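Following: one structure in structure tokens, then a few remarks.
The values are calculated or read from the model by the stated rules, or taken from the named source; none is laboratory data. All figures in this text were calculated on a predicted structure; none of them were measured in a lab. Every residue, glycine among them, receives a Cβ derived from its backbone with ideal geometry; neighbour counts consider all protein chains shown.
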Amino acid sequence: MQENLNLLPQNLQISKGLDSVLKTSKALGVILIVVFIVFSLGTGAFFIYSKITLNNVQTNVEQLKSQVKAQEGSEQQLVLLKDRLAKISSIKSTPNASKNIINMDILFRNMSPSSTMNQLEVTPTKIGVSMLIRSNEDLTAFIKNLKTNEMFNVVNLTSLGYSMNAGYSVIVSLSNK
């Protein structure tokens, strides 16, 4: 059998109520230290998890910012491309005088180099010509070219003059069909 020997004198001994309070506070202190350590470890783990999550979110934000910048550049290029296409289509839809410029060669066929053109106005719908024709043969060839052309349906002879020194002064306006 076991016996408890108390070697302390009676006046220095702890009372039974205080002894139970001390034992309870000791057990409670151990429990509180364990709870504190668990709480500290949990809080530390939470902060580490939060830091990792924050870094991932910041990385995603940076990636999204770069994607937005890339899309802004692409969108600007798309807007510029649409604008250019609209301008190209508007230019293509405007009347063009190149057909009349090409058809002008018909008017001056079989004429000598001595005849000169003083003024020329070419628009998509008409040609206006002011010429100085030096010989009768060139005037005949010019009138024949006007008569046989099929590109212009209205020929308006605005002026026809003759000078012995200069030759024939002719101003003609031609309109498309």
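I'm trying to understand the selection: among the residues of the stretch 105-148, which are touching a residue at least 12 places away in the same chain (Cβ under 8 Å), more than 19 Å from residue 159 (Cα to Cα) and within 51 Å of the chain's Cα centre (by Cα)?
Hits for the stretch 105-148 are 106, 109, 123, 124, 125.
Quick one: how many residues across the stretch 148-165 are of a type outside the set (Phe, Trp, Tyr) and closer than 20 Å to residue 136 by Cβ? First the steps, then the outcome.
Within the stretch 148-165, the first condition is being of a type outside the set (Phe, Trp, Tyr), and the residues that meet it are 148-151, 153-161, 163-165.
Filter again for closer than 20 Å to residue 136 by Cβ, leaving 148, 155, 157, 159-161, 163-165.
Qualifying residue count, the stretch 148-165: 9.
Could you tell me whether the stretch 81-97 includes any residue that is in contact with a strand residue (DSSP E or B) (Cβ under 9 Å, 6 or more places away or on another chain), among the hydrophobic types (A, V, I, L, M, F, W, C) and at pLDDT below 90? Walk me through how you get there before you give the answer.
Applying the first criterion (in contact with a strand residue (DSSP E or B) (Cβ under 9 Å, 6 or more places away or on another chain)) to the stretch 81-97 yields 97.
So of that shortlist, the ones also among the hydrophobic types (A, V, I, L, M, F, W, C) come out as 97.
Filter once more, so that each one left must be at pLDDT below 90: 97.
Yes: one or more hits.
Restricting to the stretch 63-94, name every residue that is surrounded by 10 or more Cβ atoms within 10 Å (Cβ to Cβ) and more than 20 Å from the chain's Cα centre (by Cα).
Selection gives 63 alone.
Could we say that residue 53 is of a type in the set (Ser, Thr, Tyr), under 32 Å from the mean Cα position of the chain (by Cα) and either in a helix (DSSP H, G or I) or farther than 30 Å from residue 121 by Cβ (or both) here?
Numbers: of a type in the set (Ser, Thr, Tyr): yes; under 32 Å from the mean Cα position of the chain (by Cα): no; either in a helix (DSSP H, G or I) or farther than 30 Å from residue 121 by Cβ (or both): yes.
Spelling it out, it is not the case that residue 53 is of a type in the set (Ser, Thr, Tyr), under 32 Å from the mean Cα position of the chain (by Cα) and either in a helix (DSSP H, G or I) or farther than 30 Å from residue 121 by Cβ (or both).
Yes or no: residue 51 modelled with pLDDT of 95 or more, surrounded by 10 or more Cβ atoms within 10 Å (Cβ to Cβ) and of a type in the set (Lys, Arg)? Please lay out each step first, then the result.
Working: modelled with pLDDT of 95 or more: yes; surrounded by 10 or more Cβ atoms within 10 Å (Cβ to Cβ): yes; of a type in the set (Lys, Arg): yes.
Yes, satisfied.
Given the residues 43, 59, which is the only one that is modelled with pLDDT of 95 or more and either exposed (fewer than 10 other Cβ atoms within 10 Å of the Cβ) or under 42 Å from the mean Cα position of the chain (by Cα) (or both)?
Answer to the selection: 59.
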